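First the structure, in the form of structure tokens, and then the observations on it.
The values are calculated or read from the model by the stated rules, or taken from the named source; none is laboratory data. Computed from a prediction, not measured in an experiment: that's the story for all the values here. Note that each Cβ is placed from the backbone with ideal geometry, even for glycine, and that neighbours are counted across all protein chains shown.
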Amino acid sequence: MYEGKIIKFYREKYKLTQEQLGKNICSITHISKIECNRTTFNNEIINILSERLGIVIDVEINKLINIKHRLTQWNDAIIMQLAEEIEQINSELEHEELLAISDYIHLYHLLRVRYFLIHNNTREAIKIIKKIQKLENELTDYESNLLKHVLGIYYLKCEDHIKAIQTLKQIQIEDYKNPEYYYHLAMAYHTIQSPVLAYYFAEKSHKYFKDINNYLRVIDAEMIMIIQVTENSDYEEIITRFKSLIKSCDICNAPDRKAKLLHNLAYEYYRRKNYDQARLHYKQSMSLKDPESPNYLLSLEGYIHTSFKGELIPTNELIQLAEDGLIIAIRINQLLYIHLFRLILYLLKSKEKEYFKYLANKALPMFNTYGYTYLIQRSEKELFNYYSKINLPDKALEMAKLILVT
């Protein structure tokens, strides 16, 4: 079954013709039939051909069979977020020549996309996605759904949450059997301020992560669930739940998750106008993040806004922090944060006219394009108040209609 594919692979690798390989062993016709699996063959002939190619056929067959097993392990490691195992298997598969003739080559490339997305390498990810999309009719049902999953994650990484939802909702769970994608749907719905659906899908992913004993991902799902109910739940209970999850992160040695929880706890304090506690937790969150990352910029933006609202830090210091944030955003090509830090700078420098011109003409259109519901609603309210203030009733009415629609 596998012998012919392996013989052909190594023959082509070493640039031998069928005649050269079969010389003094068997005919060209017999070599061709062996490679195409259209004849029975003598094991002795296979061993002689293998010896001429410098391989041990049984070893090569085991390697080819083992590919599916290693891909399954890689997929499980990615779902479980086991960093060392992910890297180990990736390195192993990168050097596995027989992948080229494996029945699982498409699965490998799809998991390779997930690997790149883990490392925020969207450029390499989309290259592979586009190639696989051209071969979609060759994919199994599982692979077709995995393609939708990785494409949905890609859209999440690109901050295009509407497309992420549209893509992820096309997944057929009965063919895919990987409920992890519910978590990514929850993330997308959370970002567009759809708390009911965000909670619904987070709860489904929470159950799945508990079933597979993945406690770190349980924390991820529970974090989303808590955020959705902060509006209508007891304040002290919400704070207690956040702090409990933060302790769980310490126990599990998960500083990245702790950083996210600290950020969300900071925002909860900010919403309640407890600016001292908000600033403290934003700062703690930033200390656990890579300064050259979008997540760091997110907390920095919250830290500056909190400090400005609470009059906790001199304005000149906040301006310097915002300028530093803008430089980082430009350097790592994060359009959202480029807009946010430019807006902050106009605000800190009391440039009201420039602030609202930039908000209306540059920032808000981008927020609309990518579905940043919270920022859209905040911006529309700000513009309504501003247009009313400067006596532009037509523009104020336009904003009022948008506010009523949302």
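Give me the helices (runs of 4 or more DSSP H) completely within segment 1-87, filtered to those with at least 1 residues that are in contact (Cβ under 8 Å) with a residue 60 or more places away in the chain and aliphatic (A, V, I, L, M), ordered by residue number. Write out each step before concluding.
Details: elements: 3-13, 18-22, 28-35, 43-53, 57-80.
Those helices (runs of 4 or more DSSP H) span 3-13, 57-80.
Restricting the first member to segment 360-381 and to residues that are closer than 18 Å to LYS163 by Cα, and the second to residues that are of a type in the set (Asp, Glu), the beta-carbon pairs closer than 9 Å and six or more apart or on different chains are THR369/ASP160; TYR370/GLU159; TYR370/ASP160; GLY371/GLU159; GLY371/ASP160; TYR372/GLU159. Filtered by the rule that a residue be closer than 16 Å to LYS5 by Cβ and in contact with a Leu (Cβ under 7 Å, 6 or more places away or on another chain), segment 41-55 gives a lone residue, LEU49.
At least 2 residues being modelled with pLDDT under 95, under 26 Å from GLU311 (Cα atoms) and in contact with a Gly (Cβ under 8 Å, 6 or more places away or on another chain) is the threshold, and among the helices (runs of 4 or more DSSP H) wholly inside segment 223-301 those reaching it are 255-271.
Let's see how each residue does on (1) in contact with a Leu (Cβ under 7 Å, 6 or more places away or on another chain); (2) modelled with pLDDT of 90 or more:
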position: SER27; (1), (2): no, no
position: GLU35; (1), (2): no, no
position: TRP74; (1), (2): yes, yes
position: SER91; (1), (2): no, yes
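If you go through segment 102-135 and keep only what is basic (Lys, Arg) and closer than 20 Å to TYR176 by Cα, you end up with ARG112, ARG114.
Just for segment 151-204: of the residues that are among the hydrophobic types (A, V, I, L, M, F, W, C) and surrounded by fewer than 18 Cβ atoms within 10 Å (Cβ to Cβ), which one is modelled with the lowest pLDDT?
Step one: filter segment 151-204 for residues among the hydrophobic types (A, V, I, L, M, F, W, C), giving 151, 153, 156, 158, 162, 164-165, 168, 171, 173, 185-188, 192, 196-198, 201-202.
Applying the additional criterion that residues be surrounded by fewer than 18 Cβ atoms within 10 Å (Cβ to Cβ) yields 158, 162, 173, 196-197.
Numbers: CYS158: 88, ILE162: 91, ILE173: 95, VAL196: 93, LEU197: 96.
My answer is CYS158.
Considering only residues of segment 37-83 that are among the hydroxyl-bearing types (Ser, Thr, Tyr) and farther than 30 Å from ILE212 by Cβ, which is surrounded by the most Cβ atoms within 10 Å (Cβ to Cβ)? Give the derivation first.
Restricting attention to segment 37-83, the residues satisfying the condition of being among the hydroxyl-bearing types (Ser, Thr, Tyr) are 39-40, 50, 72.
This time we only want the ones that are farther than 30 Å from ILE212 by Cβ, so: 39-40, 50.
On the way: THR39: 12, THR40: 7, SER50: 19.
So the residue we want is SER50.
Sub-8 Å Cβ pairs linking a first residue in segment 98-122 that is in the same structural domain as PRO294 (by TED's automatic domain parsing) and assigned to a helix (DSSP H, G or I) to a second residue that is at pLDDT 95 or above and not acidic (Asp, Glu), at least 6 apart or interchain, number zero. Evaluated against (1) in the same structural domain as ASP256 (by TED's automatic domain parsing); (2) under 26 Å from the mean Cα position of the chain (by Cα); (3) within 30 Å of GLU236 (Cα to Cα), GLN377 falls short on exactly one condition, (1).
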